[in-house]
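Single-structure report; data block below.
The values are calculated or read from the model by the stated rules, or taken from the named source; none is laboratory data. Just so you know, these numbers come straight off a predicted model, no measurement behind them. Glycine gets a Cβ as well: all are built from the backbone with ideal geometry, and neighbour counts include every protein chain shown.
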Amino acid sequence: MPELAQEQAAKKVKTGSLVQGSLVKETVLHAGFDNAHTEYCPYTKTSQDYDGTRAPHGLNIALGSMALSATPLHEQHILDIGCGTGTFLDAIKDKVGKLNGLEYNDGMIDQAKKKMGDHPKLAKLVQGSADSLTMFADNSMDACTMNQVIHHFPKDDNYAFNLRTFKEIARVLKPGGVFVLNTSMPEQQRDAFWWLSLFPKASEAVCARFPPLDVLKAHAKEAKLEFNADSISVPLHRSLMAESKYLEHGVKGGFMASYRAGDSSWAMTENFGELDEGLKKLQDMIDKGTADYWLEGRELLRHSMGQATFMTVRKPLA
């Protein structure tokens, strides 16, 4: 595909300016273990297939940041907040001293317990809410991680739940401890995932759930976590899904429930009743022979901005 044509394709599929907040109101919210209705994704169901498409992202960033701490990596106590099915804990288990995980969803924590079992390094694997880490003591962790979690938090009052979570993380971190956040910027969510432009209402709603960078920086500052010039990393090439799975079936992956289970934005398309209409648009492109060209444009956008943003901050030594 000629370079000029690629640029034109990318511009054609970009979906316009993004305004913080959303005029689209979510109406489908699932009850959590604490009976709060905040979950837009039915993870109790999709957790069964989640690991079929996902793989830990940014291990080099997380482990590299931890290795810069004074405590040797193999002695560090780690808390993964929103640990999901336990894939991140499983990936780092041979690198660190002690593992801890907290997960909100019933189905996800069941999968994590099956995966981690009675691993000798596993200290705690508990169900709870990220804004109330009461089962973990002050100054007890060398590192805390959160991987693609904060968009599942309530977004009310300028993402106040996220601020409470950051303050709890600061409390449980030891002085000098590091917090590594893996999230996406709203623009990345909108433009770097090939399917979302097919579902305008779902796209607007899910983008509004991701706190923008200025909010994250302000929350880190208020929680007394130190942000510096090296705090932000944006991998441009790796997809959130496992690289081998993301485009394994091309656009036809969108028609597969097992593929859609690997990213919660697909659940939002169902919540807004857009899934069938969006897949019809996709089928029309397949029938006309334009789907591959369209996907190339989407992929140009992904490689220009990446799908994830990592923020690394530290608790001051004093």
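Looking at Ala123, Ala137, can you tell me which residue is surrounded by fewer than 18 Cβ atoms within 10 Å (Cβ to Cβ) and under 21 Å from Phe88 (Cα atoms)? Break it down stepwise before answering.
Values: Ala137 fails: under 21 Å from Phe88 (Cα atoms).
The unique qualifying residue is Ala123.
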Would you point out which residue out of Leu216, Leu240 is touching a residue at least 60 places away in the same chain (Cβ under 8 Å) and either within 21 Å of Leu173 (Cβ to Cβ) or in contact with a strand residue (DSSP E or B) (Cβ under 6 Å, 6 or more places away or on another chain) (or both)?
-> Leu216
Among Ala291, Ala267, the single one that is within 24 Å of Thr44 (Cα to Cα) and either of a type in the set (Gly, Ala, Ser) or touching a Cys at 6+ places or on another chain (Cβ under 7 Å) (or both) is Ala267
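From Ala70, Ala31, grab the single residue that is exposed (fewer than 14 other Cβ atoms within 10 Å of the Cβ), free of Cβ contacts under 8 Å to residues at least 24 places away in the same chain and in contact with a strand residue (DSSP E or B) (Cβ under 8 Å, 6 or more places away or on another chain).
Details: Ala70 fails: free of Cβ contacts under 8 Å to residues at least 24 places away in the same chain.
Answer to the check: Ala31.
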For Gly58, the lone unmet condition from (1) closer than 28 Å to Ser239 by Cβ; (2) touching a residue at least 40 places away in the same chain (Cβ under 8 Å); (3) surrounded by fewer than 18 Cβ atoms within 10 Å (Cβ to Cβ) is (3)
Out of the residues in region 5-28 that are surrounded by 16 or more Cβ atoms within 10 Å (Cβ to Cβ) and under 16 Å from Asp156 (Cβ atoms), which is modelled with the lowest pLDDT?
-> Ser22
Is it true that some residue in region 283-302 is out of contact with any Phe, Trp or Tyr (no Cβ under 8 Å at 6 or more places or on another chain), closer than 21 Å to Thr183 by Cβ and at pLDDT 95 or above?
-> yes
Look at Leu213 and say whether it is of a type outside the set (Gly, Ala, Ser), in contact with a Ser or Thr (Cβ under 9 Å, 6 or more places away or on another chain), surrounded by fewer than 18 Cβ atoms within 10 Å (Cβ to Cβ) and modelled with pLDDT of 95 or more.
-> yes
Under 30 Å from Glu75 (Cβ atoms) and under 17 Å from the mean Cα position of the chain (by Cα): does that describe Ile109?
-> yes
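Need a quick list: helices (runs of 4 or more DSSP H) entirely within region 100-206 having at least 2 residues that are more than 26 Å from Pro42 (Cα to Cα).
Numbers: elements: 106-116, 156-172, 186-191.
Where helices (runs of 4 or more DSSP H) fall fully within region 100-206 and carry at least 2 residues being more than 26 Å from Pro42 (Cα to Cα), they are 156-172.
If you go through region 65-76 one residue at a time, do you hit one that is acidic (Asp, Glu), assigned to a helix (DSSP H, G or I) and at pLDDT below 90?
From region 65-76, those acidic (Asp, Glu) are 75; that's our starting set.
Right, trim to assigned to a helix (DSSP H, G or I) and you get 75.
Within this subset, residues satisfying the condition of being at pLDDT below 90 are none.
No, there is no match, as no residue in region 65-76 is acidic (Asp, Glu), assigned to a helix (DSSP H, G or I) and at pLDDT below 90.
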Please verify whether region 304-315 includes one or more residues that are in contact (Cβ under 8 Å) with a residue 40 or more places away in the chain and assigned to a helix (DSSP H, G or I).
-> yes
